[in-house]
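Remarks on the structure that follows.
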Amino acid sequence: MFQVIVSTCIAAAAIFTGALASLSIVPSQAVIVKPSSFAVMGPNANFRNDSFNMLFNPTSTTPPFFQVFDERFLTILGESASIREIASNETFAFAHEAPVYNPPTDEVFFSSNDGGPLGMSDLEHNNVISKINMSKVEAALSVHATGPVNVPITQLNLSDSVQMTNGATGPYKSSLLLATSGRGSLPPSLVLVNTLPPYNATVLLDNYYGRQFVSLNDIKVHPTNGKFFFTDVDYGFLNHFRPAPLMPFQVYRFDPDTSAVRVVADGFNKPNGIAFTPDGNTVYIADTGASGGFMGNNGTLPATLYVMDVDPVTNAFKNRRVLAYIDAGVPDGIQLDSEGNIYTGCADGTEVFAPDGTLLGKFFLGMSTAEMIFAGDGRLVILAETKMYLAKIAANGISLSGPPV
Ligand SMILES: *[C@@H]1O[C@H](CO)[C@@H](O)[C@H](O)[C@H]1NC(C)=O
Ligand SMILES: *[C@@H]1O[C@H](CO)[C@@H](O)[C@H](O)[C@H]1NC(C)=O
Ligand SMILES: *[C@@H]1O[C@H](CO)[C@@H](O)[C@H](O)[C@H]1NC(C)=O
Ligand SMILES: *[C@@H]1O[C@H](CO)[C@@H](O)[C@H](O)[C@H]1NC(C)=O
Ligand SMILES: *[C@@H]1O[C@H](CO)[C@@H](O)[C@H](O)[C@H]1NC(C)=O
């Protein structure tokens, strides 16, 4: 996670269409920004000295819009792409993390900010999980042809065994699979929560051989072997609701059949978002080192997406290399589309990278995004703390439910 951002823009370059635009029909909310248009800004340019609060919007376009750096992003968007605000609450960061799309009910579940600005949660107060009904979203959008709509969300009443949810995936066997950060002395945990009333919960893991985790951050199910992989990092401590860390910040594997847990990767500054390719051979980890909670942001630390191979026998992550370094804040949650493109939440919205590491484009919101989720084909729901957005695009997501049963 990271903090809510006040956006500012810099004016540096003009829009360069030309060759790029001639290849496809450009959606009305898209702006093409060729890298050659800003490669040289000149000695007196307004360079950015803060990646979190000074965002890169050289065309000074009003968000939300699609910022296109590479023509492949136009294929992801499709000709009739749109992006609209679907819910908002300016006093409450209700839409932070842990998104899960549940196809049987056409609902998206998500958690509020845990311990950060406008989260209404702290050492004394748990965060909350809510859901939004996508049929209601579609109905509201069709009534109002343009501009924002505000579809009511519904808060779940969860058991006290769910404390400070920060990550989630699934649906896994008709449940949400949560990674919680814990609160005070209450332990971080992996928890299943029924996707239907009464939203009953079952804790699967709350310790490492008797030791509490630091504050669990994010989770995915391996698409072929069905093991759970989750990250652990000190944002609970940095947000004042967990004790000082007593273990390194690392990535774990949990076997749902035996309940055995082991470490599969370490050496990150702050391991955060995680995602597997559908073949399960490749894994991405976001390192949010540059976002330091009460220690402040530090631009010399990682804001980096890493890519690794998954060892077929041990499942240890090996051959770590850089996929991309983020220009705006840090990369947080990660999702993949069916073509293998990598979507990550950043200080300016959701950024999309090709598997070769090229920054293809951004869902530019001018505000920070921790996570996003495909909610059925061609629908990307983006969580932006005090707002939620729906992008209707050509790309589709991948299954997050583990191996077929
Ligand atoms: C914003 O969220 C707070 C906390 O849940 C709630 O009391 C308030 O009614 C919400 N405001 C709007 C406009 O929905
Ligand atoms: C979602 O909203 C639609 C339209 O109002 C309604 O028919 C449906 O029952 C709702 N779904 C759930 C899970 O409540
Ligand atoms: C949560 O509990 C409140 C109060 O009992 C109730 O009004 C609300 O419908 C419940 N929410 C859900 C999603 O069941
Ligand atoms: C919820 O309760 C039902 C009925 O007892 C049970 O079948 C299901 O496994 C429970 N789900 C979770 C996630 O605890
Ligand atoms: C930023 O991080 C670097 C590397 O850990 C450290 O040397 C430096 O003191 C930090 N700067 C600030 C302002 O905290």
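Observations, loosely collected:
- For region 231-249 versus region 137-156, the gap between their alpha-carbon centres in whole angstrom: 36
- Which of THR154, THR105 is most accessible, then next, and so on - probe 1.4 Å: THR154, THR105
- Proximal lysines relative to LYS270, as straight alpha-carbon distance under 18 Å, when same-chain residues fewer than 8 apart are discounted: LYS220, LYS318
- Within the accessible area of region 91-160 (1.4 Å probe), percent carbon and sulfur: 57
- Charge sum, other residues only, whose C-beta stays under 13 Å from ASP266's C-beta, Lys/Arg counted +1 and Asp/Glu -1: +3
- Here region 3-392 is described by how far its Cα atoms reach on the three principal axes: 60, 47, 39 Å, from widest to narrowest.
- Dipole magnitude for the chain: computed about the Cα centre from +1 point charges on Lys and Arg Cβ and -1 point charges on Asp and Glu Cβ, it is near 100 debye.
- Of the chymotrypsin sites (Phe, Trp or Tyr not before Pro) found in region 22-62, the ones in coil according to DSSP and having at most 15 other Cβ atoms within 10 Å of their Cβ are PHE47.
- Of all lysines in the structure, the ones whose alpha carbon falls short of 26 Å from that of LYS136, not counting any fewer than 8 places away in one chain, are LYS173, LYS387, LYS392.
- CD proxy at 222 nm, helix term only [per DSSP H run n ≥ 4: -39500 (n - 2.57); per residue of the chain; nearest 500]: -1500 deg cm²/dmol
The values are calculated or read from the model by the stated rules, or taken from the named source; none is laboratory data. It should be emphasised that the depicted structure is a prediction, and the values quoted were computed from it without experimental measurement. We place every Cβ from the backbone using ideal geometry, glycine too, and count neighbours over all the protein chains shown. Side chains are part of the model used for accessible areas, which takes the heavy atoms of the whole protein and leaves out ligands, DNA and RNA. Shrake-Rupley method; radii C 1.70, N 1.55, O 1.52, S 1.80 Å.
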